[in-house]
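Structure, as structure tokens:
Just so it is clear, none of the values below were taken in a lab; they were calculated from the coordinates. All of these numbers come straight from a predicted model, not from anything done at the bench. All Cβ positions, glycine included, derive from the backbone under ideal geometry; neighbour counts span all protein chains shown.
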Amino acid sequence: MATLRLRDPSIPAPPEGKYPAKTHARKVAEWISAHSAEQNGTNGASNGTSNGAGKPHGVIYLEGQKTRMIEDDDQAEGFRQRRYFYYLSGCNVPDSSLVYDIDRDHLTLFIPPIDSEEVIWSGLPEVPKEAMQKYDIDACLTTDELNSYLSSSEISKSTIYTIPEQVSPSTSFTAFHSTNSTILKRAIDYSRVTKTPFEIALIRHANAISSAAHQNVMRAVAQIKNEEEIMGAFVGTCISNGGHKQAYSCICAAGTSAATLHYVHNDLTVSKKLNLLIDAGCEYNCYCADVTRSYPLNGTFTKESREIYDLVDRMQDACMEMLRAGVKWEDVHTKAHTTAIDGLLKLGILKGDPNSEEDKKRLLDSRVSTVFLPHGLGHYLGMDTHDTGGDADYSDPDPMFRYLRIRGKVPANAVVTNEPGIYFCRFIIEPALKNEKLGPLIDKDVLDRYWDVGGVRIEDDIWIKEDGYENLTTVSKDTKEIERFIRGEK
């Protein structure tokens, strides 16, 4: 049997250098300038929002997450930095703020002053001198100096840009001519879609840690008795290699639980079950990995499990071939469905002639494939697992596109997930079998052989480039390699 190895020395070193906070601040300011002009039908100069050089007047103000106490307790809740603040600071210190003076291209960070009583319990906090060396900023002050700084003639300008629900009541904007609380959040949302090389390096490192953790679970899964142990092996490996937080709640779904898309229990026995679907990824310095693998718990695919796995693998590969800057995400998503239909026809789960393009089109138009692939192909990935800027339309009447988290063209330097799946979910399929439109398209007798497969999803994180893509996820999806890992042969 293979031994569980928590620390993996083969993981490359994390990226070095400062997080590019000022690059992000300039990018956000440029977005505000461009879109303020569009909204006002001007070049931005006539309403005092622009300095005539393509940048808006004024300052950007953002606050980090506050320390929050657990209800009826004297301990703080687990801390998660606000992503909007982090994007313009790279600072993970609670109770901090920032001011970016657009005209001067000057970024000031405010961190809490030293509390002599707190030092006894928690040790010395970060101080401004250390922050200046650590972050891509021009100045660092303490938060008790914030209001005097905001009221100074040096910083007060025509407009201050804020996110309204992220401003403390004690913060004063009285020195400013106006407050714009509508555009900053959208400006950051859309700026976050395209990544800098440093951000790509952070996502790559989160993937390296997560891939090692997935590989560790494969090594241990034959000895594991419960989904809790699977989650423990994954999270423990991540923590041991620097991924101290999970990007989202682990999905460790054994057997038919894998048909539940975002399975939450993670506490059932794996005994007498065929397969495991594990969807899990860590954070590294606030950047996420999102990786899914599906495989047999005993190290050998059954015929039906292998057939579905191979189909999902073909779906992912077909979508990969389309990935490059400018591709329309709806087209890639449609490719996943057409490939699924082709495979389900060949297996006999869907009725029709596998060689008939007319039958395939009829099935696509019927949307019967959404019975087996009910979710979108993927989403943007960055500081959030389901990252910003995708323009999803959850009111779309077309069930094939309703849950698609990216709409429109994908730009270069975006990171997306490619995560097709096939699921045998009774809560979806059984109503479909009774539906007068969809029921006749599904062969129930053939379908009955596949219920125990549960669900198969394969998910990788993809860096979109001008002429193609790079897969940032390194854990194998090859069936022979997976079987060798599980059987302890590798």
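Among complete DSSP H helices in the chain, those whose alpha-carbon atoms stretch at least 15 Å along the helix's long axis and whose mean Kyte-Doolittle hydropathy reaches -1.0 are 21-40, 197-220, 227-240, 303-320, 329-347.
Residues Lys27, Lys490, ranked from the fewest to the most other C-beta atoms within 10 Å, line up as Lys490, Lys27.
Would you mind working out the magnitude of the charge dipole of the chain relative to its Cα centre, with +1 at each Lys and Arg C-beta and -1 at each Asp and Glu C-beta, to the nearest 20 Debye? If you can, show how the numbers build up before the last one.
Working: 55 positive and 71 negative charges, 210 e Å.
Dipole about the Cα centre, nearest 20: 1020 debye.
Among the cysteines of the chain, Cys91, Cys140, Cys250, Cys252, Cys286, Cys288, Cys319, Cys425 have no other cysteine beta carbon within less than 4.7 Å of their own. Going by a ≥ b ≥ c, the root eigenvalues of the Cα gyration tensor, does region 301-419 fall in the rounded group (a/c under 1.5), the prolate group (a/b larger than b/c) or the oblate group? Prolate is the answer for region 301-419, as a/c is 1.5 or above and a/b outweighs b/c.
Electrostatic tally near Lys444: other residues with Cβ closer than 12 Å to its Cβ, Lys and Arg +1, Asp and Glu -1, net -1. Based on Cα contacts under 8 Å between residues 6+ apart, the chain shows a relative contact order of 15 percent.
Please state, to two decimals, what the Cα-based radius of gyration of region 68-122 comes to when divided by 2.2 N^0.38 Å (N = residues). Could you put the intermediate results ahead of the total?
Numbers: Rg = 14.4 Å, N = 55, 2.2 N^0.38 = 10.1 Å.
Expressed relative to 2.2 N^0.38 Å, the Cα Rg reads 1.43.
What is the calculated FRET efficiency for Lys66 to Ser181, with r their C-beta to C-beta distance and R₀ = 30 Å, to the nearest 0.05? Working shown, then result.
Numbers: r = 19 Å, r/R0 = 0.62.
After rounding, the FRET efficiency stands at 0.95.
Simple rule: put +1 on each Lys or Arg Cβ and -1 on each Asp or Glu Cβ in the chain, find the dipole, and look at Asn435, Gln166, Phe234; the Cα lying farthest toward the positive end is Asn435.
Decide, for region 297-371, between rounded, prolate and oblate: order the square roots of the alpha carbon gyration tensor eigenvalues as a ≥ b ≥ c, take rounded if a/c falls under 1.5, and otherwise choose prolate if a/b is larger than b/c, else oblate.
Working: a/c = 2.44, a/b = 1.15, b/c = 2.11.
Oblate, since a/c reaches 1.5 and b/c is not below a/b.
This model, with +1 at the C-beta of Lys and Arg and -1 at the C-beta of Asp and Glu, gives region 88-164 a dipole about its Cα centre of some 180 debye. Eigenvalues of the alpha-carbon gyration tensor of region 154-215, scaled by 5 and square-rooted, set the equivalent ellipsoid semi-axes at 38, 13, 11 angstrom, largest first.
One decimal place: the segment Lys328-Asp73 gains 86.8 nm when fully extended, by the rule 0.36 nm per residue minus the C-alpha distance.
Sorting Ser211, Ser181 by the number of Cβ atoms found within 10 Å of their own Cβ, with the fewest placed first, yields Ser181, Ser211. Annotation: region 392-490 has a Kirkwood hydrodynamic radius of 17.2 angstrom, from the mean reciprocal C-alpha pair distance. Shape of region 234-283 from the C-alpha gyration tensor: prolate (a/c of 1.5 or more and a/b above b/c, with a ≥ b ≥ c the square roots of its eigenvalues). Summarising the amide proton neighbourhood of Asp393: residues at separation of 5 or more, or on other chains, whose placed amide H is nearer than 5 Å comprise Leu404. The packing ranking, built from the mean of other Cβ atoms within 10 Å per residue, places the peptides 385-396, 117-128 in the order 385-396, 117-128, highest first.
Over 25 Å between C-alpha atoms is what I'm after, so list which of Lys245/Lys409; Lys18/Lys477; Lys273/Lys351; Lys27/Lys185; Lys273/Lys360; Lys272/Lys480 land there. Display every interim value, and only then the final one.
Numbers: Lys245/Lys409 31 Å; Lys18/Lys477 34 Å; Lys273/Lys351 29 Å; Lys27/Lys185 13 Å; Lys273/Lys360 33 Å; Lys272/Lys480 22 Å.
As for pairs spanning more than 25 Å Cα to Cα, those are Lys245/Lys409; Lys18/Lys477; Lys273/Lys351; Lys273/Lys360.
Residues whose amide H comes within less than 5 Å of that of Gly281, counting only those at least five positions distant or on another chain, are Ala247, Tyr248, Val291 (H built at 1.01 Å from N in the peptide plane). Fewest-first ordering of Lys245, Lys303, Lys195 by other beta carbons within 10 Å of each residue's beta carbon gives Lys303, Lys245, Lys195. When the P(r) is computed for the chain, the part past 41 Å accounts for 29% of the Cα-Cα pairs.
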